[in-house]
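The values are calculated or read from the model by the stated rules, or taken from the named source; none is laboratory data. Note that the structure is a prediction, hence the values are computed from the model and not measured. All Cβ positions, glycine included, derive from the backbone under ideal geometry; neighbour counts span all protein chains shown. Only protein heavy atoms, including side chains, enter the accessible area calculation; ligands, DNA and RNA are left aside. Shrake-Rupley method; radii C 1.70, N 1.55, O 1.52, S 1.80 Å.
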Amino acid sequence: MEQFDFTHHALPGHVEVDVVANEDPPSLGCNDDNLGFPACTAKVRYVGGGYQAMFGWVQLVRSTDATTVDFEMDPNFLFPDIDVPYCYYGYKPTLFDSPGRTHRDDLDWIAHSFLAATPIEQGARQVTPLQGFSWGFTRRRTIRLAPVLPLTPNEWIRHIPCLRAAYPSWQFDPAPRWGERKG
């Protein structure tokens, strides 16, 4: 498990990230196509409470089986018509993802996952990143999990054009400096 620090409203927090091979897809609500692929769980630990602890997860992915070579928003299959950049949002929300594929072609897949905050006020459509990490896998005959690595604020900034194109009614703040990794 990796741990990444952040600060929000001058209070400390961290994200605990665990990426493991999905050895029992049904127990995670997945189908058999997820067997052996990564299962990522990122838990928010934050000393603040109430509305101060409302966060969202923004996730972009890049995959060699996609129609583009660039990162794109991770599709929200449950609510594809909602104009919200968060794949998960709530009180200290946990990010969970376990990609799978029905084809067996060689594949490179990487996610950039960012914990972010939006002001708790009516009509607020502003996203401020707090911390980010990458994770993923490659498949060549076998599936190999990529290491969980910290992302820099510059990597968030590089994603802003994609975020603005996907969610033009939202503002995406340049990333402030965020905490360091604790292994």
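Accessible area, 1.4 Å probe, largest first: how do F96, F79 sort?
In descending accessible area the options line up as F79, F96.
For the pair D106 and Y51, how long in nm is the line joining their label points, each one 7 Å along Cα→Cβ?
Taking the simple label geometry, D106 and Y51 are separated by 5.3 nm.
First compute the accessible area of the chain with a 1.4 Å probe, then give the percent of it belonging to carbon and sulfur atoms.
For the chain, the apolar C and S fraction of the accessible surface comes to 52 percent.
Please work out the ratio of the alpha-carbon Rg of the range 51-172 to 2.2 N^0.38 Å and round it to two decimals.
Output field value: 1.10.
Towards the positive end of the charge dipole of the chain, with charges on Cβ (+1 Lys, Arg; -1 Asp, Glu), say which of T128, A165, C30 has the farthest Cα.
T128
Which ³J(HN,Hα) values in Hz, rounded to whole numbers, follow from the phi angles of the range 16-33 under the Karplus curve 6.51 cos²θ - 1.76 cosθ + 1.60, where θ = phi - 60° and Gly and Pro get x?
Karplus-based 3J(HN,Hα) across the range 16-33 equals 9, 10, 10, 10, 9, 5, 7, 8, 9, x, x, 5, 10, x, 10, 9, 5, 5 Hz.
Probe radius 1.4 Å, ligands and nucleic acids left out: which of V20, V47 has the largest accessible area, and how do the rest follow?
Per-residue accessible area, sorted high to low, gives V47, V20.
Given 0.36 nm per residue, what is the gain on full extension from T68 to A124 after removing their alpha carbon distance, in nm?
17.1 nm
At 1.4 Å probe radius, can you tell me the per residue accessible area of the range 44-117 in Å²?
52 Å²
Could you sort K43, K92 by their accessible area in this structure, using a 1.4 Å probe and putting the largest first? Walk me through the numbers before you get to the answer.
Values: K43 85, K92 55 Å².
Largest to smallest exposure gives the sequence K43, K92.
Helix 153-166 sits at what angle to the longest principal axis of the chain, using alpha carbons and giving 0 to 90 degrees rounded to 10?
80 degrees
Starting from the Kirkwood radius over alpha-carbon pairs of the range 32-80, derive D by Stokes-Einstein at 20 °C in a medium of 1.002 mPa s and give it in µm² s⁻¹. Don't jump to the answer; show the numbers that get you there.
Details: Rh = 14.2 Å.
Translational D for this selection: 151 µm²/s.
For the range 104-148, taking Cα atoms only, what is the radius of gyration to one decimal and the Dmax to the nearest whole Å?
Cα-based Rg and Dmax for the range 104-148 come out at 16.4, 50 Å.
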